[in-house]
Every structure is written in structure tokens, then in C-alpha cells.
1. What are the pairs with Cβ atoms under 8 angstrom where one residue, in the stretch 219-232, is among the hydrophobic types (A, V, I, L, M, F, W, C) and the other, located anywhere, is assigned to a loop (DSSP other than H, G, I, E, B) and more than 7 Å from ligand 3 (Cβ to nearest atom)? Sequence gap at least six, or different chains.
2. Being among the charged types (D, E, K, R) and not in a loop (DSSP other than H, G, I, E, B) is the filter here, so list the residues in the stretch 225-269 that pass it.
3. Go through (1) of a type in the set (G, A, S); (2) modelled with pLDDT of 95 or more; (3) in contact with a strand residue (DSSP E or B) (Cβ under 8 Å, 6 or more places away or on another chain) one by one and return the number of the condition G133 breaks.
4. Just one of the numbered conditions (1) within 22 Å of Y240 (Cα to Cα); (2) modelled with pLDDT of 95 or more; (3) surrounded by 15 or more Cβ atoms within 10 Å (Cβ to Cβ) is not true of R50; which one?
5. Restricting to the stretch 169-224, name every residue that is of a type in the set (D, E, K, R), within 10 Å of ligand 1 (Cβ to nearest atom) and either in a loop (DSSP other than H, G, I, E, B) or more than 20 Å from Y107 (Cα to Cα) (or both).
6. Given the stretch 40-150, what helices (runs of 4 or more DSSP H) lie entirely inside it while holding 2 or more residues that are under 22 Å from F198 (Cα atoms) and within 16 Å of ligand 3 (Cβ to nearest atom)?
7. Which condition number does E166 fail, the rest of (1) farther than 19 Å from D303 by Cβ; (2) of a type outside the set (K, R); (3) modelled with pLDDT of 95 or more being met?
Amino acid sequence: FSTAHNLVSKPTHAKVGRVPVALGKRRLRIVVTGGAGFVGSHLVDKLLDRGNDVIVIDNFFTGRKNNLVHHFGNPRFELIRHDVVEPVLLEVDQIYHLACPASPVHYKYNPVKTIKTNVMGTLNMLGLAKRIGARFLLTSTSEVYGDPLEHPQKETYWGNVNPIGERSCYDEGKRTAETLAMDYHRGADVEVRIARIFNTYGPRMCLDDGRVVSNFVAQAIRKQPLTVYGDGKQTRSFQYVSDLVNGLMALMDGEHVGPFNLGNPGEFTMLELAEVVKETIDSSATIEFRPNTADDPHKRKPDISKAKELLNWEPKVSLREGLPLMVSDFQNRILNEDEGKGI
Ligand code: NAD
Ligand code: UDP
Ligand code: UDP
């Protein structure tokens, strides 16, 4: 008995044109789409550290060259300005597909482009994976659970998503991307991996992307009030970026298709988060209440037992340990911005 939730990946059949992965003879070559973004750039750091060759594909919608500038000149690193909505020809062993704006402010900016990125972009990367026999990892999201009626969320939960709301370009886009991945897996034997990522934070998040952690941290540094939307009793679980990168690599290199929840099960209300930010940065910071946005999920917390059991993965960095690690990065960038050197 096998369901989509406990699939073990089948070995890919030999394909015309496939370059065998001769570990030890040739370095693993990996594409990271969206590699100039927040999560992608940390993943690239770790893959290069491990000795892999890395090609980044990014259109710089929300990503920045600055996140990767420390690799310029490294012969094992390549950066290609390309939009994944257009086809691309490459020869690689693994594809980490991250390209997609992640913050609500960014993905609502041009919703049609967001859904094109999720659907056509994912289709192109799966077509590429099929042609060259590469393994493909999709970074899906906890948003596929919508405003969840099951708490905490397990991978078996099918979600409660509004198909016509302001968030749908992202939620439904990612749900379609998951469908495409499973159809290429079942229909074309592509080795796929699906991660459902829960709220993640850390250095290199966009300063003004509207996400709650980046907003609160930037506001506390700028001595502005922390903006709590609604009554602040909605909950989220916040994962430090290094934990996520370890989870993505364990998933890619393991034998299981997924989907896997990757998140930190520590659950906080937005008011509690504001308190932790105050403790970490400025105890005199004040709170200002604002109206909440449409379709805001009331609560979210991952059940990560599946990833613990099958990937031997769990997050190590608590919110109180992780927050200080992003503060100096934010302080430097805010200082540069103030001096007119916006980066
Ligand atoms: P990000 O916005 O920092 O990075 C996304 C990257 O993709 C950027 O570099 C952007 O320029 C690039 N991009 C966007 N559209 C593109 C296109 N059409 N072609 C080529 N490049 C394109 O976001 P992030 O937080 O690093 O998220 C990375 C991935 O993880 C996304 O797929 C996101 O949906 C997923 N995810 C992130 C979180 C989180 O909390 N950060 C949570 C759930 C899922
Ligand atoms: N594709 C790509 N690079 C490749 C192979 C395919 O970008 O190396 C794109 C291709 O242009 C198509 C998509 O991936 O839009 C799906 O490809 P597939 O071969 O699965 O489907 P088809 O081209 O037969 O519709
Ligand atoms: N939020 C908030 N203040 C802010 C930004 C966001 O209270 O300045 C709230 C938002 O309403 C939501 C939660 O924080 O309930 C998480 O929002 P975010 O945009 O970070 O992520 P997502 O909604 O995608 O989980």
C-alpha cells in the first residue's frame, strides 16, 4: 500500500542524454532557481561549501546580487539572469526550484506573474528535469493548507484554501506546482522531492517585504512602533534559515518524495513575537495595532513527525537564539540605506 504521502522514490530509468552522477569522479552540478533570494542564497552558500558546482537562475525580482557577491570569481559558481517562465537548456544533476516571490507584499504586487511563475516556471523546470534525468526539489509552502481547520498541520491534511482570494495566486499556484511535480513523477519517472516550508526568517530577508519578522526587526531598529495586524492573537511558527537549508538538503539527498513539512513547531502569537523582538532589540519599543489583511490564516504550526522519522531532521535554533543572528545584518543594511547606499 502506497499513497502520495509515503512514496519512496523509484530509481530513474536510464534516459537518452542522461549524464550519470559519478560521485567521486565528477562534482555534483546543481541548479538553484531563485538562488539570489533569501533562502536560495543561504542554500547556495552551503552547497558550495560542500564542494558542489552551483548554477543560480534568477530574474532579480526580489533577489539581489549582493546576496551572492561573495561567490563572484569562484569557478564553481555561475549566476544566470533568467526568468523561469521561459524555457532553459542546462545539464545538471539536481534542481532546487525556489524561484517565486514569497512575501505577501511581493506576490500580490503582480498576481498574474506570480501564478505564471508557479505554474509555467515549475513546468519548465520539470521539463528540464525530465530531459536530463535530474532530481527536482520543489519549495512548496505551508500556505497550501490555507486557513487550516486541522491544527497542527500534518502532510495528510488537504487544506482550506480560497481559490479566488488575494492570496490565491500564491497558494493555488503552489498547489498546482505540487500537482505538476507529482504528475511528472508518476507519468515521466522524474525523481521529485516536495518540501512544504513554514515561515522562515534570518539574515538577507528583504528589509521591507512586509513579513512580520522583517517588519518587527526593522521597526525596532528604526525606533518605530511594531505594527501588529488585527488583535495579534493569530499564531505562526518561525524557523531559522539554517535549519530550513539543512532540511532541504536532507530531503533532496534522501529517498523520499514527500511532501514534507519543514518548519519549527514553536508556536507564537504576533503579540508574543513582538515581546521577543522587544527583549532582543529594544525593550522600550511600542506596539501599534493595524487592521489585518484579507484571508489571513488564524493559526499555523507544523507537525514535523514525518520529517523527523524519515529524514532524521528537526530544527535546532529556537526563536530566541535565531533572532539576534539576523539583527546585525539588518542593522548594517539599515545604516547603509540611511547613508544612501541602499543594497
Ligand atoms: P525571496 O523572494 O527572497 O526569493 C525568491 C527568489 O526568486 C528571488 O531571488 C527572486 O528574484 C526569484 N524569482 C522570483 N520570480 C522569478 C522568476 N519568474 N524567474 C526567476 N527568478 C525568480 O523568497 P524566499 O523567502 O527566499 O523563498 C524562496 C522559496 O521558498 C519560494 O519558492 C517560496 O515560495 C518558498 N517559501 C518560503 C518561505 C519563507 O518563509 N521564506 C515559506 C514558504 C515557502
Ligand atoms: N523545457 C525546458 N528545458 C528543457 C526541457 C523542457 O525549459 O531542457 C520546457 C519546455 O519548453 C516545456 C516544458 O519544459 O515548456 C515542459 O517540457 P515537456 O518536455 O515535459 O513538455 P512538452 O515540451 O512536450 O510540452
Ligand atoms: N503581521 C503583523 N504585522 C506586520 C506584518 C504581518 O502582525 O507588520 C501578521 C500578519 O497579519 C500575519 C502574520 O503576521 O498574521 C504573519 O504574516 P507574514 O506576512 O509574515 O507571513 P504569512 O501570512 O505568509 O504567514
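The values are calculated or read from the model by the stated rules, or taken from the named source; none is laboratory data. This is a predicted model, so every value here is computed, not measured. Backbone-built Cβ (ideal geometry, glycine too); neighbour counts: all protein chains shown.
1. A220/I281; A220/D282; A220/A285; I221/I281; I221/D282; L226/A285; L226/T286
2. Hits for the stretch 225-269 are R236, D243, D253, E267.
3. Among (1) of a type in the set (G, A, S); (2) modelled with pLDDT of 95 or more; (3) in contact with a strand residue (DSSP E or B) (Cβ under 8 Å, 6 or more places away or on another chain), G133 violates only (3).
4. Condition (3) is where R50 drops out.
5. R204, D209, R211
6. Hits in the stretch 40-150: 104-109, 111-116.
7. (3)
Yes or no, residue by residue, for (1) modelled with pLDDT of 95 or more; (2) not polar (S, T, N, Q):
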| site | (1), (2) |
| --- | --- |
| L7 | no, yes |
| V21 | no, yes |
| V31 | yes, yes |
| S41 | yes, no |
| I80 | yes, yes |
| D83 | yes, yes |
| L90 | yes, yes |
